[in-house]
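Working notes, structure below.
The values are calculated or read from the model by the stated rules, or taken from the named source; none is laboratory data. Owing to the predicted nature of the structure, the values given are computational and were not obtained by experimental measurement. Here the Cβ is made from the backbone with ideal geometry for all residues, glycine too, and neighbour counts use every protein chain on show. Quick note on the areas: whole protein, heavy atoms, side chains included, nothing else; ligands and nucleic acids left out. Shrake-Rupley method; radii C 1.70, N 1.55, O 1.52, S 1.80 Å.
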Amino acid sequence: MRKWLARAIGAPASTSFGRFFRIVADAKARQTWADRLDDAGLILAARRATTAPGRRAGHEPTADLLAVLRATAQRTIGQDPFDEQLLACCALLTGHAVEMDTGEGKTLVGALAAAGFGIAGRRVHVLSANDYLAQRDAEWMRPLFESLGLSVGSIGQHTDSSTRYEVYRRDVVYAPVSEVGYDVLRDRFATSDADRVRPELDVAIVDEADAVMVDEAMSPLVLAGSTPDLAEDFTHADALVRELDPDVHFAIDADHATVSLTDPGLDLLERQLGGVNLYEIEHTGMLTKINLALHAHVLVQRDIDYLVVDDTIKLINTARGRVAHQQRWPDGLHAAIEAKEQLLVSSPGTILDTLTVQDLLRGYATLVGMSGTVVAVAEELAEFYSLGAGRVERRLPNKRLDHPQRVFLDDHARLDAVVNAVRDRHRAGQPILVGTQSVAESEKVAAALAEISIEAQVLNARNDAHEAVVIANAGEFGAVTISTQMSGRGTDIRLGGPDERDHDRVAATGGLAVLQVGRYPSGRLDAQLRGRSGRQGDPGTTLTFVSATDDLVQTNAPTHLLEKIRRYGDQLDQNALGRIVDQAQRIAEGIRRDRHRDTWDFNRAIARQRDTVLAHRDSVMRDGLARAELTGRVPEKLEELETASSVETVAELVRDITLWCLDEQWSDHLAHLSEIRDGIHLQALAGLNPRDEFHRIALREFHGFFAETYVRAAAIVEDVAPDQLGQGITPLGLHRPSATWTYMISGNPLGNPMDRAAREAGKWWRSRVLNIE
Ligand code: ADP
């Protein structure tokens, strides 16, 4: 009923935390009692005060527990939790997503809640945005946990596997969500329990909950393994593409998402290849390579999309502007870029398995989260995670002044306005943070400011720790800092510098001015950038500069409105222009929501099948299921081998062969399903519902999965010679990947420019070569 009502009046379904005021007030009354306890007394009191929530959240913490947590925080990290923080802690301990503005102290809230769960005997993962924050927060909060008898640790990209195992056994683990995800994935492919790092998915406290649970929920973590195959050679295609003339031989579309050969371009290539017809089936391989090489040269840019470090390609996650470690593009494109940079082509890989962030999070027994903006996605949190979301108000009134956005007809006019605004404010010493949409744009603004002799610190998010330092100083008198969306996440901007030495002088200039260049694809991201200013009752200002040429407007605003801007732009007033921008953002948000639902639906079918396979795999690994299965298929062969060695040796061999077959087959099945999924939109043309069709086909394709595995395994066992026994599976020609890495792909069916480019190429190929569509 409440949900219905909320929807009817257009507000998201948010939860009220008013009921926790009482516990917080009671905790205050118990403070003198808690303050008098010694450290050992606090541990005892904490245990006693915990109403044994068992394996589930949902129990309200007691006033005694809050009083103990508060006293411990004071003693160990020298911060006295505010009532608002205790309230938020109650909300987390009872299984909610909590909205708290930037600077209100969510790090401490997360730690208090983690301690609360930990005291109740739960294993807690505090999931943060990156390695740097995970490590920083774990170290910062360590005395709090240890004083309560809880162990704590952190995991990052460079943590080795034995340390991971050990850290996962601690009470509280700080880690980026992707690290836990990759551990889950890698564990699936272990051939013995000893090789697993085994993260226990009990309680997750998700920082930046809306970004992780909603925006990134559908991006798959993809685990790939090396294959002994040789990579495709792109040198020829690369050389051909280098000779092409941009104005004649290929065309780039307006939004820089696709590039395609023109007829003269095709003619030239066909001549250079000795007069072939590239559309003939025997030449399609070359055509595909040429297209990929063209993408590598035209659409993928060094230092924007990737860096070249130590003769290897390091991808930059452009949405976040940071280097994505151990990531690759799908093979063809990766090899084409290596050819472009004249690097050695690395060995290709095969996708072993994938896991969406959403599936990972749903695997936790208890899931809670916090962020500056969760109420706006309350409905999705309820729908996908059964999670209630609510807001904890600011401790001090908000004194920030948000100016209405200004819309410009083109980028030049906008840049001028931004530069002028920076100059005026900079003169008075007001610290300025310019938020841009991309690394390229931040460099453009910096260059324009340099022309008027304003030196800006540019953050392009290539190094989290370095950024944290720069962002921490962004509130100093006269500082000008330019950032992209995610840079310096989780770091507080204090007026007058990190120690607030110069606070009052900076406050007198008006506090931090946030200048936003272009709107983000969601209102939440806009709000997060604005939230950098005016923290904890400080003064502050925000200004937003939009250009009608911004991607957000151009890709999302309805065509007739774009046409209106084009024709009558200079006659439209700011309100009319602003409404178009707002509408474009709402459309972008809607597209993302629908996409989330769609992807979720497709993934569910795969997830169910994966669960079945993993359960079976576990029985093979632990219970000797493989031996029993194969006895029914190749009994004589097994006896022969057992006579030649021993029952144990054969059982182990049979187990390893079966595991290999299972993994191989799952990887094939997954590739097959993704092909089906890519082509599923064709079903819509035939009048069928693509989702239903996908479920139907996925089910059909899975039928007989295990029977097929054992047929493969039996065939391999049949070929084993007695002298190959006891040496593992390698002499049989079965290789396990020697290295694993992750692919950079986006779960977004509309995709980033690269995905779109790849899809366009696929469509074009299908239509030209296969004559369909
Ligand atoms: P958020 O993540 O909500 O933006 P942080 O956790 O980064 O906020 O905290 C903002 C700043 O406030 C930090 O510098 C932190 O040390 C400080 N802080 C948080 N809670 C308290 C407290 N109870 N007393 C004093 N300072 C606090």
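Quick rundown of the values:
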read-out	value
Efficiency of FRET between Asp160 and Asp570 - r from beta-carbon atoms, R0 41 angstrom, step 0.05	0.10
222 nm mean residue ellipticity, helices alone, for the chain (DSSP H n ≥ 4; -39,500 (n - 2.57); rounded to 500)	-15500 deg cm²/dmol
Whole-number D in µm² s⁻¹ for the stretch 397-445, Kirkwood Cα-pair radius fed into Stokes-Einstein, 20 °C, 1.002 mPa s	171
Cβ-derived FRET efficiency at R0 51 Å, Ile252 paired with Ser619, nearest 0.05	0.45
The chain: equivalent-ellipsoid semi-axes (sqrt of 5 x gyration tensor eigenvalues, Cα, Å)	45, 40, 23
By average C-beta atoms within 10 angstrom, highest first, the peptides 264-275, 616-627, 202-213	202-213, 616-627, 264-275
Dipole-positive endmost among Ser533, Thr509, Tyr520 within the stretch 500-547 (Cβ charges, Cα centre)	Tyr520
Mean separation of Cα contacts under 8 Å, 6 or more apart, over the residue count of the stretch 20-105: relative contact order %	33
Length-normalised contact order for the chain - Cα pairs under 8 Å, 6+ apart - percent	14
Residues of the stretch 625-668 with amide N under 16 Å of a point placed 7 Å along Cα→Cβ from Phe705	659-668
Protein-only accessible surface order, largest first, of Met286, Met141 at 1.4 Å	Met286, Met141
Size of charge dipole - the chain - debye, nearest 20, with Cβ of Lys, Arg +1 and Asp, Glu -1, no other charges	3240
Solvent exposure ordering (accessible area, 1.4 Å, most first) of Arg186, Arg170	Arg186, Arg170
Relative contact order of the stretch 442-565, pairs being alpha-carbon contacts under 8 Å that are 6 or more residues apart, as %	18
At R0 = 22 Å, FRET efficiency that the Cβ-Cβ distance of Glu243 and Asp263 yields, to 0.05	0.85
Share of carbon and sulfur in the accessible heavy-atom surface of the chain [1.4 Å probe, %]	51
Anisotropy class of the stretch 476-516 from Cα gyration tensor, a/c 1.5 cut	oblate
Accessible surface, the chain, averaged per residue in Å² (probe 1.4 Å)	44
